[in-house]
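The values are calculated or read from the model by the stated rules, or taken from the named source; none is laboratory data. Note that the structure is a prediction, hence the values are computed from the model and not measured. Backbone-built Cβ (ideal geometry, glycine too); neighbour counts: all protein chains shown. Protein only, heavy atoms only, side chains kept; ligands, DNA and RNA dropped before computing areas. Shrake-Rupley method; radii C 1.70, N 1.55, O 1.52, S 1.80 Å.
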Amino acid sequence: MPQENTGILIVFDGIDGAGKTTQVDLLSQALRNAGVTVVTSKEPTDGQWGQKIRQSATTERMPLDEELHAFIMDRKEHIETLVQPALDRGKIVILDRYYYSTICYQGARGEDKVKLRQDVMESALKPDISFIMDVNPHISQERIEVRDGAPNSFENIDYLTEVRKVYHWLCREDSSLYELDSNNTIDQLHTTIVNILVDGVLKDKLCAKDYGCDDEYHCSFRMTNTCQWSNLKSVLLKPLPKQTKFQALKYHTE
Ligand code: TYD
């Protein structure tokens, strides 16, 4: 799908219990504290399709083709009614789950993951940056039990083990994805995420120079406080212990 927008689309994805919601909340709060208007949202949404999906999570799952259709329709509606309009207004949009969930969850149910990946990516907006949070399903299961009492029909441990394998495959296929190791502390992960954003997409999109930031130190925009990126950086960045970013990012060599 062609895209023309001035906003920034940030996505968090991963298996249930990986800590996505915590990181979405922390990041949106940090950006809001820095004076940025942030729109947060999630999939499945609370719309008609999302409600149908959530209902199936508490009972029996829909047949695969029906389930896939519901997630795709939910996303279509989500983009049209919320995501694209917010991006058009120049907002930072942070999503808790996006098309990676469809590739991995419906892929793990038997859909051809290569074709599914191609289809879902062609039919939706491409995020500016995506974080995949990785966790062992045994740990995620414990978190789900503490949070909800019992896992729902999407959260079966054998199924989540297969879903996780598809996320690993996705990360190997697409080197632009940032795969985060959820064994790190919440704060380490948050600090890593903020650093990656500040050095990457925030700089690309918010630097005052249209040809990019070549010399931040001598930059007149920085010195006159008129560079949004530089201002944001000074508020957002906490000192990063040397090993943190290295530890929190996963690399797959197999
Ligand atoms: P979840 O994030 O747990 O929503 P909530 O906390 O509001 O109930 O999502 C519900 C389930 O939907 C989750 O187990 C993952 C699954 N899912 C898919 O199978 N495919 C998708 O495309 C998406 C977005 C979610």
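Search segment 30-50 for residues that are of a type in the set (Ser, Thr, Tyr) and pair each with any residue that is more than 9 Å from the ligand (Cβ to nearest atom) and part of a loop (DSSP other than H, G, I, E, B) when their beta-carbon atoms are under 8 Å apart and the residues are at least 6 apart or on different chains.
As it stands, the answer is Thr37/Lys91, since those pairs meet every condition given.
Please work out if Gln23 is near the ligand (Cβ under 10 Å from one of its atoms), outside any loop (DSSP other than H, G, I, E, B) and surrounded by 15 or more Cβ atoms within 10 Å (Cβ to Cβ).
Details: near the ligand (Cβ under 10 Å from one of its atoms): no; outside any loop (DSSP other than H, G, I, E, B): yes; surrounded by 15 or more Cβ atoms within 10 Å (Cβ to Cβ): yes.
Spelling it out, it is not the case that Gln23 is near the ligand (Cβ under 10 Å from one of its atoms), outside any loop (DSSP other than H, G, I, E, B) and surrounded by 15 or more Cβ atoms within 10 Å (Cβ to Cβ).
Looking at Arg172, Arg164, Arg143, which is the one that is within 19 Å of the chain's Cα centre (by Cα), open to solvent by 60 Å² or more (accessible area, probe 1.4 Å) and charged (D, E, K, R)?
The conditions single out Arg172.
If you scan segment 133-160, which residues turn out to be among the β-branched types (Val, Ile, Thr) and touching a Gly at 6+ places or on another chain (Cβ under 9 Å)?
Val135, Ile139, Ile144, listed by residue number.
Which residues, taken from segment 37-78, are open to solvent by less than 20 Å² (accessible area, probe 1.4 Å) and under 30 Å from Ser230 (Cα atoms)?
The one that is open to solvent by less than 20 Å² (accessible area, probe 1.4 Å) and under 30 Å from Ser230 (Cα atoms): Val38.
Just to be sure I understand, how many residues within segment 42-82 are away from the ligand (no atom under 11 Å from the Cβ) and closer than 30 Å to Leu206 by Cα?
Selection size over segment 42-82: 6.
Among Asn184, Asn231, which is the only one that is farther than 27 Å from Glu142 by Cβ and either open to solvent by 80 Å² or more (accessible area, probe 1.4 Å) or of a type in the set (S, T, N, Q) (or both)?
Asn231
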